[in-house]
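Single-structure report; data block below.
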Amino acid sequence: MKNSERDTEGSTMGKKILIVDDDVAWVRMLAIRLDQAGYEVEVAFDALQVLTQAVRSKPDLILLDIVMPVGGGLKALENLRTNTKTFSVPIIVVSAKEWNEETKAAAKKYGISGYFMKPINVDTLLERLEEVLIKK
């Protein structure tokens, strides 16, 4: 969907996305693309920050890396899903970690809304964001 269509429909314009990743260059690039697409962007750089940030900022969707310092993404996923203030926030995993049995089990257990392996096509990610946010 083009920005002009998004403006008219109002479906995803201004939705808040929390990016959780320790790769500062990736976060910066993705934040710029999301901002250009009309999203409000928040960031956290490790698994410890994500729950505090998510409770404080109340994002509409979280983009979560799996391989991160201070606890790791799977623990962050568990913490987000077991907290009453964040359990229903859609989460899309964007990681360099391969889709293995551990990640598949976590995805099934915690109900993630998508999994993208880096490097990714950001346009494809943006399409998935829209799909998930429209259903929300």
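Identify, please: which residue in the range 85-95 is crowded, with 17+ Cβ neighbours inside 10 Å and out of contact with any Phe, Trp or Tyr (no Cβ under 6 Å at 6 or more places or on another chain) and is, among those, modelled with the lowest pLDDT? Per the criteria, the residue is S95. Among residues of the range 46-64 that are free of Cβ contacts under 8 Å to residues at least 40 places away in the same chain and surrounded by 23 or more Cβ atoms within 10 Å (Cβ to Cβ), those with a beta-carbon under 7 Å from a residue that is in a loop (DSSP other than H, G, I, E, B) and not polar (S, T, N, Q) at least six positions away or on a different chain give the pairs A47/M68; A47/V70; A47/G71; A47/G72; A54/V89. How many of the residues in the range 96-106 are of a type in the set (A, V, I, L, M, F, W, C) and either surrounded by 18 or more Cβ atoms within 10 Å (Cβ to Cβ) or within 17 Å of V50 (Cα to Cα) (or both)? The qualifying residues number 1.
Only a single item in (1) more than 17 Å from A44 (Cβ to Cβ); (2) more than 15 Å from the chain's Cα centre (by Cα); (3) among the polar types (S, T, N, Q) is not met by N83, and it is number (1).
Scanning the range 18-28 for residues that are over 12 Å from the mean Cα position of the chain (by Cα) and touching a residue at least 24 places away in the same chain (Cβ under 8 Å) turns up D22, D23, W26.
Assigned to a helix (DSSP H, G or I), among the charged types (D, E, K, R) and free of Cβ contacts under 8 Å to residues at least 40 places away in the same chain - does that describe any residue in the range 90-99?
no
The values are calculated or read from the model by the stated rules, or taken from the named source; none is laboratory data. Since the model is a prediction, treat every value here as computed from it, not as a measurement. Quick reminder, even Gly has a Cβ in these numbers, built from the backbone with ideal geometry, and neighbours come from all protein chains shown.
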